[in-house]
Amino acid sequence: MDHEGSGALRMTLRFVAAGCLAACAVMPALAQESGADTYKARCAMCHGDDGTANTPAGKMFKAASFSDPAIVKIADADRIPIVKKGKDKMPAFGDKLTDDQIKSVLEYIRTLEKK
């Protein structure tokens with residue numbers, strides 16, 4: 001291979017390598033947390049791992065227990081604004097969670113209600 005051809009090959013390899021690195025950097029951002037992961041990271045401190053709000057923070061802030069029949073009967077459509085805007089001492093998560101994350105968390109909470 002002549003000198004000119006090897007320069008083009010090196011340039012092509014650099015371009016491909018740069019593309020691979022860029023793709024790898026974006027991949028983690030595309031990975032979506034599960035509803036359980038988001039719940040554990042954002043909600044469990046107050047509502048507890050089991051959703052009963054039997055935690056020091058849950059007791060202090062009087063967090064809702066997801067096993068309370070009054071809470072169980074609340075439709076997800078009515079829970080979404082509570083998660084987004086907050087309620088009482090619960091902080092707003094509308095600027096921290098996407099709509100899909102909120103829906104995933106609510107689906108996970110429904111599994112806690114059945115336990």
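The values are calculated or read from the model by the stated rules, or taken from the named source; none is laboratory data. Note that the coordinates shown come from a computational prediction; the quantities given were computed from them, not determined experimentally. FYI the Cβ positions are ideal-geometry reconstructions off the backbone, even for glycines, and counts take in every protein chain you see.
What tally of residues in the stretch 68-98 results from selecting those that are free of Cβ contacts under 8 Å to residues at least 12 places away in the same chain, touching a Lys or Arg at 6+ places or on another chain (Cβ under 9 Å) and charged (D, E, K, R)?
Total satisfying the criteria: 1.
Only residues that are out of contact with any Gly (no Cβ under 8 Å at 6 or more places or on another chain) and either in a loop (DSSP other than H, G, I, E, B) or of a type in the set (A, V, I, L, M) (or both): list them for the stretch 95-106, please.
Of everything in the stretch 95-106, those that are out of contact with any Gly (no Cβ under 8 Å at 6 or more places or on another chain) and either in a loop (DSSP other than H, G, I, E, B) or of a type in the set (A, V, I, L, M) (or both) turn out to be Asp95, Lys96, Leu97, Thr98, Ile102.
Kindly indicate whether Ala92 is assigned to a loop (DSSP other than H, G, I, E, B), at pLDDT 95 or above and either outside the structural domain of Asp49 (by TED's automatic domain parsing) or farther than 14 Å from Tyr39 by Cβ (or both).
yes
Please specify each residue of the stretch 63-77 satisfying the condition of being loosely packed, with under 13 Cβ neighbours inside 10 Å and outside any helix (DSSP H, G or I).
Selection gives Lys73, Ala75.
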